[in-house]
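K.L.:
Sending over a structure as structure tokens; questions will come in a sec.
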Amino acid sequence: MNGITILGAGSYTPSLAVTNEMMTEFIDTSDEWISSRTGIKSRYMSPDKANYEMAAKAAKAALENAGKTAKDIDFIIVSTCSPDFFYPNMACLVQKQIGAEGCPCIDINSACTGFINSLDIARNYLATGDYKTILVVSSERLSPQIDFNDRGSCILFGDGAGAVVVEYGENKPYYSILGAEGDMFEALFCKANYKPNFPKFDGNEIFKELCDTPEKQCYLQMDGKAVYKFAVDAMASAVDKVLNKSGLTIEDIDLVIPHQANIRIIQSALKKMKVDDDKVFINLQDHGNTSSACIPVALSELMAQGRLKRGMKVCLVGFGAGLTYGACIFEY
Ligand code: ACO
């Protein structure tokens, strides 16, 4: 069995904490509504750092935690659905910021499922033996994509970054289940805010029906109820499938780290999975939904709290725009 060893993790928390109370200053909402519907009390936003700078800060923290330097890294994978540039990719910008030289750099976008997909890609590259030490970073600056007039979505999201340094884990279990339902993409999307300097001809207006208002042309759009329903079923079913694949039961799992979207989604999915609450890590009350950064930020916090111990079996599970989903089980 070819598993992974997570050598270290790190995270970056942006400077501006935006509490539910602060949100009442610009939308018609309340701390009571947000807390009871989502579990979120506060989230961070990054008014002063670009996404790639946040990513690099998390990467440096992970390297330090792992006892490695940038020179040890021979592959960089960045997951983001909120890059600063169409190109170059964020991984190249992180490479420059941390001083890693020459290694391949790729970006992955599967929205909130991005970290699970990226870790899985890292695991497969490590299994080939072609690469020894891989840096996986998930960084999201969602705040520029948010319509702060839309009270149904703007309360959910935050900015943040997390990173891990991974190497091959000999004789360590690793199993994953990944999937997507592209036909549900309209439930959650954000159009690339790119206006081509292109002459108008009859019939060349694309996305005319999908993006029929200025808000839909540039901000995140979400059918909250559709995403909610998908998320509960997809997370429960992904965990069920990955357990079946591994031959393990939920009792064998020491820690479940779900995507931190909404406490009600997590609780409903956990009920279906029949997992004890005390095995589940939750930090969405402080960070909100930071998309693909949620899980590596959680890993970093768990390590800092001394709650992750070698030999523990960890299950990551998430969902996101696409709609995508994924779960993996590994030994820490
Ligand atoms: N404050 C006060 N009232 C609000 C707010 C708010 N912030 N937002 C909506 N409301 C109102 C609505 O206007 C509506 O009022 P009405 O009945 O008078 O029309 C009422 O509250 C109920 O609105 P719903 O949308 O039905 O509320 P719901 O219980 O479905 O909760 C929520 C909304 C929290 C968004 C929920 O649907 C949800 O969490 N969905 C999943 C979203 C999610 O996780 N998205 C992230 C996906 S991850 C990724 O890849 C980005």
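K.L.:
How do 2-8, 253-259 rank on mean C-beta neighbours within 10 Å, highest first? Walk me through the intermediate numbers first.
P.N.:
On the way: 2-8: 19.4, 253-259: 23.6.
Ranking the peptides 2-8, 253-259 by packing returns 253-259, 2-8.
K.L.:
How much accessible area per residue does the stretch 247-332 have, counting only protein heavy atoms and a probe of 1.4 Å, in square angstrom?
P.N.:
Values: 2930 Å² over 86 residues.
It amounts to 34 Å² per residue over the stretch 247-332.
K.L.:
Sorted by accessible area with a 1.4 angstrom probe, largest first, how do 332, 44 fall?
P.N.:
Details: 332 25, 44 60 Å².
Heavy-atom accessible area, descending, gives 44, 332.
K.L.:
Counting only protein chains, not ligands or nucleic acids, how are 128, 19, 290 ordered by accessible area (probe 1.4 Å), most first? Intermediate values should be presented prior to the final figure.
P.N.:
Details: 128 85, 19 50, 290 5 Å².
Putting 128, 19, 290 in descending order of accessible area: 128, 19, 290.
K.L.:
Separate question: Can you say what percent of the DSSP beta bridges in the chain, counting only those with both residues inside, are antiparallel? Round to 5.
P.N.:
Values: 39 of 54 bridges.
Once the DSSP bridges in the chain are tallied, antiparallel ones form about 70 percent.
K.L.:
Could you pull the Cα extents of the stretch 2-172 along its three principal axes, largest to smallest, in whole Å?
P.N.:
Largest first, the stretch 2-172 extends 55, 32, 26 Å along its Cα principal axes.
K.L.:
In whole percent, how big is the carbon plus sulfur part of the accessible area of the chain, probe 1.4 Å, protein atoms only?
P.N.:
49
K.L.:
Using every Cα-Cα pair within the chain, state what percent have a distance larger than 25 Å.
P.N.:
49
K.L.:
Rg/Rh for the stretch 189-332: what does it come to with C-alpha atoms and Rh from Kirkwood?
P.N.:
Numbers: Rg = 19.1 Å, Rh = 17.2 Å.
Radius of gyration over Kirkwood radius for the stretch 189-332 works out to 1.11.
K.L.:
Next question, about the same structure. To the nearest 10 Å², what's residue 123's accessible area with a 1.4 Å probe?
P.N.:
50
K.L.:
A further question on this structure: In debye to the nearest 20, how big a dipole does the stretch 2-172 give about its Cα centre with +1 on each Lys and Arg Cβ and -1 on each Asp and Glu Cβ? Let's see the in-between values first.
P.N.:
Details: 14 positive and 21 negative charges, 82 e Å.
For the stretch 2-172, the charge dipole is close to 400 debye.
K.L.:
Taking the alpha-carbon centroid of each part, what is the distance from the stretch 1-65 to the stretch 250-279 in angstrom?
P.N.:
So the separation of the two Cα centres works out to 20 Å.
K.L.:
Show me the trypsin sites (Lys or Arg not before Pro) within the stretch 246-302 that DSSP assigns to loop and that have at most 14 other Cβ atoms within 10 Å of their Cβ. Intermediate values should be presented prior to the final figure.
P.N.:
Working: sites: 264, 271, 272, 274, 279; in loops: 274.
Taking the stretch 246-302 and a limit of 14 other Cβ atoms within 10 Å, the loop trypsin sites (Lys or Arg not before Pro) found are 274.
K.L.:
Which of the lysines could be linked to residue 229 by a straight reach, that is with a Cα gap under 19 Å, when you skip same-chain ones fewer than 8 residues away?
P.N.:
Qualifying lysines at Cα under 19 Å: 241, 271, 272, 274.
K.L.:
Of 298, 161, 185, which is farthest along the charge dipole of the chain in the positive direction, counting Lys and Arg as +1 and Asp and Glu as -1 at C-beta?
P.N.:
After comparing all options, I get 298.
K.L.:
Quick one: order 233, 48, 159 from most to least accessible surface, probe 1.4 Å.
P.N.:
Listed by decreasing accessible area, they come as 48, 233, 159.
The values are calculated or read from the model by the stated rules, or taken from the named source; none is laboratory data. Just so we're clear, the structure is a prediction, and the values are computed from it rather than from any experiment. All Cβ positions, glycine included, derive from the backbone under ideal geometry; neighbour counts span all protein chains shown. Please note that ligands, DNA and RNA were not included when accessible areas were found on the heavy atoms of the full protein model with its side chains. Shrake-Rupley method; radii C 1.70, N 1.55, O 1.52, S 1.80 Å.
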